[in-house]
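Okay, structure first, notes after.
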Amino acid sequence: MPSLKKYHTFGIAVKCNELIRIGSAEQLQQQLKERKADYFILGGGSNILMIDNLVRPVLKNEIKGKEIIKETEKHVFLKVGSGENWHRLVRYCVACNFGGIENLSLIPGTVGAAPMQNIGAYGVETIDVFDSLEAINLKTGKLRKFSKAACHFGYRSSIFKTKLKGRYFITSVTFKLTKKNHKLHLGYGAISSRLKDAKISNPTIREISDVVMSIRESKLPDPRLIGNAGSFFKNPVVSNYKAKKLQKTYPGIPVYKQDDNTFKLSAGWLIEQCGWKGKKHGGAACYDKHALILINHNAASSNDVLELSKAIQFSVNEKFNINLDPEVNFIS
Ligand code: EPU
């Protein structure tokens, strides 16, 4: 049985019955023609928790390639193979002076995962630079193009995580990036203060990417060294009424107003308030520098992580009456 330990960033020792490497859309179509099965699609494995060994055959996405398919005076339309590494794409774009994804530096995973869950960080989300994608229907083998509207993007969500979950294999993503007059997003988190410290007043997209990398490196664990899957839970969204009530009881609680008059809370803050930061459970732990991240600190089993996540959900619910939804996908 092939081991999946090095194919997912939690680094948990799970296996699968069969691992099939997919290098192109045509190869995938051939595979689907030859054999109908309930396949599991594996990209960078950076947002999953494998609960058991996988009985389903695994399709490992290794579709590579980058191509400029259209250019205007201001924009470039870059079509990218879904199996390309995300951060390497960011650095490639920075080197070419293609603007738009520099704030998304160092996010682990593949290009295909970017639209799948509308990855986001430091005020930018995939939706902001997305043009279209191509995906193959796993039942029919047909290739379909999805526009931005067809993807139903939401906070860490898209139609591929909801209505069409498990039905399509994304083969390529086309991004619309700027060639000049880049729209910079400096307002979120520590970006501006770090740029100020470095005495940079007119940052280039490379400088922004470098700063984002240094912020992430200072508080998020490097999955090559410490197994993890990034934020384990989504930041919960609550009503105006509930946010005001919480602010009365907990004056220090971070709340972020959304366009629809709801409020996003920081799951990391809620978890920290419940005393979980740095706490261990078996081989799993709540990361000591960022409570929203669960880590595999010492040969954790899936169960260690699962039990820890349930205990955290329980105490956040008990203290704040808030349900934390996992951001990580559980695979069994
Ligand atoms: N906080 C704490 N204690 C903690 C962690 C955070 O009090 O242990 C509070 C702080 O007040 C901090 C606030 O939470 O100011 C927000 O923290 P941070 O800026 O680190 O962002 P986040 O909301 O925890 C989100 C994304 C991250 C993304 C960062 C930066 C989600 C679920 N997570 O985290 O995405 O990198 O913003 O934009 O939306 C991921 O999805 O895997 C991920 C890492």
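Restricting the search to strands (runs of 3 or more DSSP E) fully inside the stretch 249-321 and requiring at least 3 residues that are within 14 Å of the ligand (Cβ to nearest atom) gives 263-265, 293-296. Scanning for something within 24 Å of GLY65 (Cβ to Cβ), out of contact with any His (no Cβ under 7 Å at 6 or more places or on another chain) and acidic (Asp, Glu), does the stretch 134-150 turn up at least one residue? Yes, the stretch 134-150 has at least one match.
Take the residues in the stretch 232-248 that are more than 15 Å from ASN321 (Cβ to Cβ) and of a type in the set (Phe, Trp, Tyr), then tell me which one is nearest to the ligand (Cβ to nearest atom). That would be PHE233. For VAL76, the conditions (1) of a type in the set (Val, Ile, Thr); (2) assigned to a strand (DSSP E or B); (3) within 18 Å of the chain's Cα centre (by Cα) are fulfilled apart from (3). For the stretch 137-177, a residue qualifies if it is more than 22 Å from LYS234 (Cα to Cα), surrounded by fewer than 22 Cβ atoms within 10 Å (Cβ to Cβ) and of a type in the set (Val, Ile, Thr), and the qualifying residues are THR140, THR174.
Within the stretch 8-44, how many residues turn out to be not in a loop (DSSP other than H, G, I, E, B) and not β-branched (Val, Ile, Thr)? Lay out the reasoning, then the answer.
Within the stretch 8-44, the first condition is being not in a loop (DSSP other than H, G, I, E, B), and the residues that meet it are 15-16, 19-22, 25-34, 40-42.
Adding the requirement that they be not β-branched (Val, Ile, Thr) leaves 15-16, 19, 21, 25-34, 40, 42.
Residues flagged as not in a loop (DSSP other than H, G, I, E, B) and not β-branched (Val, Ile, Thr) within the stretch 8-44 amount to 16.
In the stretch 139-170, what residues are in contact (Cβ under 8 Å) with a residue 24 or more places away in the chain and in contact with a Cys (Cβ under 6 Å, 6 or more places away or on another chain)? Matches in the stretch 139-170: SER158 only.
When the criteria are applied in full, ASN296 meets the requirement of being polar (S, T, N, Q), at pLDDT 95 or above and crowded, with 21+ Cβ neighbours inside 10 Å. Restricting ILE136, ILE127 to residues that are among the β-branched types (Val, Ile, Thr) and within 16 Å of the ligand (Cβ to nearest atom) narrows the list to ILE127.
If I filter the stretch 316-328 for residues that are in contact with a Pro (Cβ under 9 Å, 6 or more places away or on another chain) and over 26 Å from GLN247 (Cβ atoms), do I get at least one hit? Within the stretch 316-328, not a single residue is in contact with a Pro (Cβ under 9 Å, 6 or more places away or on another chain) and over 26 Å from GLN247 (Cβ atoms).
Of the residues in the stretch 263-270, not one is under 18 Å from PHE330 (Cα atoms), hydrophobic (A, V, I, L, M, F, W, C), at pLDDT 95 or above and in the same structural domain as PHE233 (by TED's automatic domain parsing).
One line per residue, one yes/no per condition, for (1) β-branched (Val, Ile, Thr); (2) at pLDDT 95 or above; (3) closer than 26 Å to ASP304 by Cβ:
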residue	(1), (2), (3)
LYS6	no, no, yes
THR9	yes, yes, yes
GLN29	no, yes, no
LYS36	no, no, no
LEU42	no, yes, yes
ILE51	yes, no, yes
LEU59	no, yes, no
LYS64	no, yes, no
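If you check SER309, SER239, SER302, SER266 for being buried (at least 16 other Cβ atoms within 10 Å of the Cβ) and free of Cβ contacts under 8 Å to residues at least 40 places away in the same chain, only one passes: SER266.
Checking each residue of the stretch 109-128 against the condition of being assigned to a loop (DSSP other than H, G, I, E, B) and over 26 Å from HIS75 (Cα atoms) gives no match.
The values are calculated or read from the model by the stated rules, or taken from the named source; none is laboratory data. Not measured: the values here are computed from a predicted model. Please note: Cβ atoms are built from the backbone with ideal geometry, for glycine as well, and neighbour counts cover all protein chains shown.
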